[in-house]
Amino acid sequence: MTTTQPAHTPLGSLPPREHLRLGQIDTVLDVVIPVYNEESDLEPCVRRLHDHLSRTFPYGFRITVADNASTDRTPEISASLDETIDEVTAVRLEEKGRGRALRTVWSLSDAPVLAYMDVDLSTDLNALLPLVAPLISGHSDLAIGSRLARSSRVVRGPKREFISRSYNLILRGSLAARFSDAQCGFKAVRGDVAERLLPMVEDSGWFFDTEMLVLAERAGLRIHEVPVDWVDDPDSTVHIVRTATEDLKGVLRVGRALATGALPLDRLARPFGDDPRDRELAGVPRGLARQVMGFCVVGALSTLLYLGLYSLFRLGVGPQPANAAALLLSAVGNTAANRRLTFGVRGRERAVRHQAQGLVVFGIGLALTSGSLAALDAAAGDPAHGTEMAVLVAANLAATLLRFLLFRAWVFTDREREQGRERQRERKGGDGRDGGDGREAVQVRHTAVPDRPAAVREHPAPVPGRLTPVRNHPTPAPDVQHPTAAPHHPGRSPR
């Protein structure tokens, strides 16, 4: 079976979202089911899912069973399903980890829409088509099922409900996540997005979902949420305490990476103009609106810091020394924050020069605020503390406006910002995780049943640095930038 997909684009950018050319694609959806020792649930789950997709999904699909080193009869059952159902493919990994299974199978797949769900099928399958429809239409980049949406209907115990809501509150507070349910086992992603997003995701276990969503959201990708009906599986084998501990470690790691700018999220950005908010307006420099917003936030925090320091210093010294010291300390923090957050200049190069220029701007602000205090003292003699604070707020606002203009026109110019981004890309270009395709070599073994149910077909060891294709199917020529095509069944007609 031959699958035609849109042309690949360089890893430095994502193409504009568009409706998939469904008439040219045989397998539109690849649904992955990660399993570990699920001999009793696997076959009923796969047959139920296959029946549902056969009746309701209007395009070609594939169901991929990803066996995570099971030690029971799961490999035999998945191999039997592979042999008896055209649209089912079995993949075996010799290491455990849901994230590892998803990364491996999604990297191999040639389907333009990739999804996964838990083997217990706790989520009502009627939500599957609404989940993937926004990805097919080009509206969204990722889609997730949400058990915490208002219109969701969920049946589960208070313990799991409390843990789930607490975890999502932690994500909102620590990583500023806006999606509502990070760990519902019901998600989908466009293939072109997964190609660039998966190499950035480090986790290979349960935190894989959360890390993928946080990075996608921070990069500005659109995440569609679908309210789901969900019934808890009382026989779930998930170890809650260990999973929660690993998730918290992942939150700390991702938060640190985001804070230091260690991730090349610009690789996931859609081209300028794809988002209506990015369209150029006549007479408005590109990026000005975002810079103004970021500068206002930094300025407000700097003002609060300045006023707090001034009030503290004022307890021991006069108004002029207190103003100078408070303004100096807040100016250093203000320059550093604006450099990184407002104007997007990263790295240590020219950081000292920027601080020196920031101190010049500080001097202008000092002259403005000190002159205001001197004028107040000359006019009122011994003004009240509240009057001093009011005058300082007004003078500081004027100094803030002047600081923004000087920062944009003199300190962090367009050329400075572009050079900073170029240097950042050059530094990360040689890193295997950031600059390359980032895929770890994972040995994949396909289970099959040529003679008897217990038989397992072994494949030769993989070539280092490449994924071993599943089954004995023809493998396309390797492409150093893109994952090899997922296996398909020769001679089988697509749905």
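The values are calculated or read from the model by the stated rules, or taken from the named source; none is laboratory data. All figures in this text were calculated on a predicted structure; none of them were measured in a lab. Ideal geometry is used to build each Cβ from the backbone, glycine not excepted, and the neighbour counts take in all protein chains shown. To get the accessible areas, we keep the full protein, side chains included, count just its heavy atoms, and leave off ligands, DNA and RNA. Shrake-Rupley method; radii C 1.70, N 1.55, O 1.52, S 1.80 Å.
Test E76 against the stated conditions and say whether it is more than 22 Å from W230 (Cα to Cα) and among the charged types (D, E, K, R).
Details: more than 22 Å from W230 (Cα to Cα): yes; among the charged types (D, E, K, R): yes.
Yes, satisfied.
Is at least one residue of region 354-368 under 18 Å from S311 (Cα atoms) and in a loop (DSSP other than H, G, I, E, B)? No, that holds for no residue. For region 178-232, a residue qualifies if it is surrounded by 21 or more Cβ atoms within 10 Å (Cβ to Cβ), closer than 15 Å to G255 by Cβ and over 10 Å from the mean Cα position of the chain (by Cα), and the qualifying residues are A182, D203, F207. Where strands (runs of 3 or more DSSP E) fall entirely within region 183-255, those with at least 1 residues that are in contact with a helix residue (DSSP H, G or I) (Cβ under 6 Å, 6 or more places away or on another chain) are at 186-190, 223-227. For region 361-373, taking the residues that are touching a residue at least 12 places away in the same chain (Cβ under 8 Å) and either open to solvent by 50 Å² or more (accessible area, probe 1.4 Å) or outside the structural domain of R339 (by the TED database) (or both), the one that is farthest from M389 (Cα to Cα) is identified as I364.
Does region 322-330 contain any residue that is surrounded by fewer than 18 Cβ atoms within 10 Å (Cβ to Cβ) and within 28 Å of L265 (Cβ to Cβ)?
Initially, region 322-330 is screened for residues surrounded by fewer than 18 Cβ atoms within 10 Å (Cβ to Cβ), giving 324-325, 328-329.
When the remaining residues are screened for being within 28 Å of L265 (Cβ to Cβ), the result is none.
No; the residues of region 322-330 include none that is surrounded by fewer than 18 Cβ atoms within 10 Å (Cβ to Cβ) and within 28 Å of L265 (Cβ to Cβ).
Within region 124-145, the set of residues being assigned to a strand (DSSP E or B) and surrounded by fewer than 22 Cβ atoms within 10 Å (Cβ to Cβ) is empty. Only residues that are free of Cβ contacts under 8 Å to residues at least 24 places away in the same chain and surrounded by 15 or more Cβ atoms within 10 Å (Cβ to Cβ): list them for region 336-350, please. The answer is A336, and nothing else. Restricting region 6-37 to residues that are in a loop (DSSP other than H, G, I, E, B), at pLDDT below 90 and open to solvent by 80 Å² or more (accessible area, probe 1.4 Å), which is farthest from F208 (Cα to Cα)? Taking the candidates together, the pick is R21. Sort out which residues of region 146-167 are open to solvent by less than 80 Å² (accessible area, probe 1.4 Å) and assigned to a loop (DSSP other than H, G, I, E, B), and write them in order of number. Listed by number, the residues that qualify are R147, L148, A149, S152, R156, G157.
Under the condition of being surrounded by fewer than 20 Cβ atoms within 10 Å (Cβ to Cβ) and assigned to a helix (DSSP H, G or I), the residues counted in region 298-321 number 15.
Is it the case that some residue within region 77-92 is out of contact with any Phe, Trp or Tyr (no Cβ under 9 Å at 6 or more places or on another chain), hydroxyl-bearing (S, T, Y), under 20 Å from L20 (Cβ atoms) and surrounded by fewer than 24 Cβ atoms within 10 Å (Cβ to Cβ)? No - not one qualifying residue is present in region 77-92.
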